[in-house]
Amino acid sequence: MMKLRYAAASPFVRKVVVVSLETGLSERIERVATSVSPVKPNEEVARENPLIKVPSLTTDDGTVLYDSDVICEYLDTLHDGPKLFPASDAARWTALRQQALADGLMEAAILCRYENLRPEEKRWTDWVESQMRRVRGALAALEIETEAGALAAPLTIGHVTIGCALGYLNFRFAKEEWQMRHRRLAAWFDEFNRRKSMQLTAPRDA
Ligand SMILES: N[C@@H](CCC(=O)N[C@@H](CS)C(=O)NCC(=O)O)C(=O)O
């Protein structure tokens, strides 16, 4: 049995779980509930992943893999179904670029979230604004991708990451109301979010 360091609110963990469900591997992965925060030491996690972040995956032979990109690509080698990391050049670079864009969106949103958790007198508004600019820029880029048909089937790691990033925004930044500004992307997400893998992994606070 593989072991996944798991947190129910993490969009990066969600990526891995969605991939495991889409590829039929979820039964081979045990979830280990893990709590991490930028200001809380966690020696147990640090021994496995010096960056002290989730997700990390311990494979059947005891190797520890991180981060979510590496774990997802590893899982994609373990099944015989359609691959989420396309082998061919153009499709592969589109999927990897979309994954990078959505990873970046999640990273910026999470940095804002951590900033907003600070004691009030230690918060830096310019920092939050700068991160939110990236979030909004990524959303605008994704709207263009949707318009250009770049989010059409077949399913790739790019789509999974975008789905998890948008799900995270709805979970933590509902006030942004990004759907009002990006109608096509919103329609794509509504459809994508109906997948069983997405329904089973909706983010929640531990
Ligand atoms: N690049 C990493 C990012 C993982 C990440 O930021 N995870 C967050 C939870 S959503 C975390 O562990 N944060 C703890 C911290 O930053 O101290 C990945 O793709 O897995």
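The values are calculated or read from the model by the stated rules, or taken from the named source; none is laboratory data. All figures in this text were calculated on a predicted structure; none of them were measured in a lab. Note: ideal-geometry Cβ built from the backbone for every residue, glycine included; neighbour counts use all protein chains shown.
Things to note:
- Among the residues of the range 105-120, those that are among the charged types (D, E, K, R), farther than 18 Å from residue 49 by Cβ and within 15 Å of the ligand (Cβ to nearest atom) comprise 113, 115, 118.
- Only listed residue being more than 8 Å from the ligand (Cβ to nearest atom) and assigned to a loop (DSSP other than H, G, I, E, B), chosen from 102, 87: 87
- So residue 178, is it more than 28 Å from residue 87 (Cβ to Cβ) and at pLDDT 95 or above: yes
- Looking across the range 13-35, the residues that are under 17 Å from residue 155 (Cα atoms) and either among the basic types (Lys, Arg) or under 17 Å from the mean Cα position of the chain (by Cα) (or both) come down to 14, 15, 16, 17, 18, 19, 20, 21, 22, 23.
- Test: residue in the range 188-202 that is surrounded by 20 or more Cβ atoms within 10 Å (Cβ to Cβ), under 14 Å from the mean Cα position of the chain (by Cα) and either among the β-branched types (Val, Ile, Thr) or not in a helix (DSSP H, G or I) (or both): yes
- Selection from the range 10-38 of residues that are modelled with pLDDT under 95 and near the ligand (Cβ under 8 Å from one of its atoms): 36, 37, 38
Each row is one residue, and each column tells you yes or no for (1) modelled with pLDDT of 95 or more; (2) out of contact with any His (no Cβ under 7 Å at 6 or more places or on another chain); (3) under 19 Å from residue 154 (Cβ atoms).
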position	(1), (2), (3)
81	yes, yes, yes
84	yes, yes, yes
102	yes, yes, yes
109	yes, yes, no
115	no, yes, no
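- Test result for residue 158, surrounded by fewer than 15 Cβ atoms within 10 Å (Cβ to Cβ), modelled with pLDDT of 95 or more and either of a type in the set (Asp, Glu) or within 13 Å of residue 102 (Cβ to Cβ) (or both): no
- Which listed residue is in contact with a helix residue (DSSP H, G or I) (Cβ under 9 Å, 6 or more places away or on another chain) and either surrounded by fewer than 18 Cβ atoms within 10 Å (Cβ to Cβ) or of a type outside the set (Ser, Thr, Tyr) (or both), from 61, 103: 103
- Number of positions in the range 39-74 that are away from the ligand (no atom under 13 Å from the Cβ) and either outside any strand (DSSP E or B) or touching a His at 6+ places or on another chain (Cβ under 6 Å) (or both): 8
- Residues in the range 19-75 that are acidic (Asp, Glu) and over 26 Å from residue 199 (Cβ atoms): 43, 44, 48, 60, 61.
- Only residues that are under 13 Å from the mean Cα position of the chain (by Cα) and either β-branched (Val, Ile, Thr) or at positive phi (or both) were counted in the range 36-74, giving 3.
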